[in-house]
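Coordinate-derived values only; no laboratory data. In this text, all values refer to a predicted model and were calculated from it rather than measured experimentally. With ideal geometry, Cβ positions are generated from the backbone for all residues, glycine too; neighbour counts draw on all protein chains shown.
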Amino acid sequence: MATQRQTRRSVETLVGFRRVERVRLVVGPTVTVAEATGVVHRYPRTVRIPIAAAGRLVAAGTPVHIEHATSEPGT
């Protein structure tokens, strides 16, 4: 997790973004996927990131959206 000294900007840079708009976590029955949406170079992108990086971004103040996936297809 982010320490008191880590700002949101420093964590964004560590993850490879210029700016992170939000973190999305999809929690499934067997796996959790984390994605970050933001500006990488000049254009917005959504990329998968490690869970640890998502935790650091959220701890530094980035908005988070959590979804719960079901095991049933189509729901």
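Things to note:
- Count of residues meeting criterion [small (G, A, S) and over 28 Å from T70 (Cβ atoms)] in the stretch 14-38: 1
- Conditions (1) within 25 Å of Q6 (Cα to Cα); (2) free of Cβ contacts under 8 Å to residues at least 24 places away in the same chain: number failed by V31: (1)
- Residue count for the stretch 14-43 satisfying the condition of being part of a loop (DSSP other than H, G, I, E, B) and surrounded by fewer than 13 Cβ atoms within 10 Å (Cβ to Cβ): 8.
- Within the option set V11, V58, being over 30 Å from T70 (Cβ atoms), of a type in the set (A, V, I, L, M) and outside any strand (DSSP E or B) holds for one residue only, V11.
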